[in-house]
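This report concerns only the one structure given below.
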Ligand SMILES: Nc1ncnc2c1ncn2[C@@H]1O[C@H](COP(=O)(O)OP(=O)(O)OP(=O)(O)O)[C@@H](O)[C@H]1O
Ligand SMILES: [Mg+2]
């Protein structure tokens, strides 16, 4: 597919999805939200550091999209869905996108928190329509991000949330059960809160493959750090970092996710931008610069935690 054809398809899909929103909006009143489509996703498994087991498992699911006939030959049906679970910022979205890339599938990103803020229990009907569109366009990865939002706990008081969520999940399960075996579609849900995911969703024939996406250990952090550095240098088309002294950096990063490491590198680079913008000279990012960025980042994080747990309220 050429870039032009991909752009055309993206526009057409986006129009169809907007039509669904408009139609359901008329029916239920004031509905907003977005489903983002990526016709030719480009994140590769090689862009993901660590996560050896999760990567291998997720990579295997691509066969469900590219060679469903193989499953038939072995007397089974291809999987329909996967639940990725683990702490925030550990690469769940990236894994889902890499799967779509490796299978040359269209990636549909459904951010459930945004949708349910207006849709509440009617999300079931929306998801049904999105599934229908996705199935009509060849290979698809439907990514249900923030699956814990299906509990509707953020919208309704507990008793109503339980009831509305049960209806929503029942509709979604019905739709999943109704996906034909020949459909080249994989539903990938992602959550950092397994306690808020309905057990009905993860029963056989639904999102019945569970993949843990854990926080990186020190070796994995090192791999992620080097991958991110290389990507930033490719983007800037020049060296940005001095060689990093990992023995100094890694002990300071215990418990940090890939998203945290991304943010630390960004902050170290931002510091350079400020210096140059103010007429100064800026050298490459050194280990010392990174240590300072880690320190600043930790301080910001501790304030965020205090706000989250209400100590400033
Ligand atoms: N294992 C990893 N390898 C490379 N980059 C990573 C990894 N984990 C996280 N990142 C980086 O951190 C950022 C967040 O990753 P991603 O969105 O995939 O995390 P997530 O698990 O989906 O987070 P959330 O639960 O908050 O949705 C991305 O920009 C990504 O580049
Ligand atoms: Mg994510």
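The values are calculated or read from the model by the stated rules, or taken from the named source; none is laboratory data. What you see is a predicted model; the values in this text were computed from it and never measured. Positions of Cβ are generated from backbone atoms using ideal geometry, with glycine treated the same way; all protein chains shown enter the neighbour counts.
Is at least one residue of segment 31-46 assigned by TED's automatic domain parsing to the domain that holds residue 206, part of a helix (DSSP H, G or I) and either within 16 Å of ligand 1 (Cβ to nearest atom) or in contact with a strand residue (DSSP E or B) (Cβ under 7 Å, 6 or more places away or on another chain) (or both)?
If we filter segment 31-46 for residues that are assigned by TED's automatic domain parsing to the domain that holds residue 206, which is where we start, we get 31-46.
Filter once more, keeping what is part of a helix (DSSP H, G or I): 45-46.
Add one more test, that the residue is either within 16 Å of ligand 1 (Cβ to nearest atom) or in contact with a strand residue (DSSP E or B) (Cβ under 7 Å, 6 or more places away or on another chain) (or both), and what stays is 45-46.
Yes.
Any residue at all in segment 56-66 that's within 16 Å of ligand 2 (Cβ to nearest atom), in contact (Cβ under 8 Å) with a residue 24 or more places away in the chain and touching a helix residue (DSSP H, G or I) at 6+ places or on another chain (Cβ under 7 Å)? Looking through segment 56-66, at least one residue is within 16 Å of ligand 2 (Cβ to nearest atom), in contact (Cβ under 8 Å) with a residue 24 or more places away in the chain and touching a helix residue (DSSP H, G or I) at 6+ places or on another chain (Cβ under 7 Å). Restricting the search to helices (runs of 4 or more DSSP H) fully inside segment 206-277 and requiring at least 2 residues that are surrounded by 17 or more Cβ atoms within 10 Å (Cβ to Cβ) gives 218-236, 258-277.
Name the residue, out of 85, 108, that is farther than 18 Å from residue 192 by Cα and in contact with a helix residue (DSSP H, G or I) (Cβ under 6 Å, 6 or more places away or on another chain). The conditions single out 108. Closer than 27 Å to residue 44 by Cβ and assigned by TED's automatic domain parsing to the domain that holds residue 110: does that describe residue 200? Here the answer is no, as residue 200 does not meet what is asked. Within segment 125-141, the presence of a residue that is touching a helix residue (DSSP H, G or I) at 6+ places or on another chain (Cβ under 9 Å), within 12 Å of ligand 1 (Cβ to nearest atom) and modelled with pLDDT under 95 is excluded.
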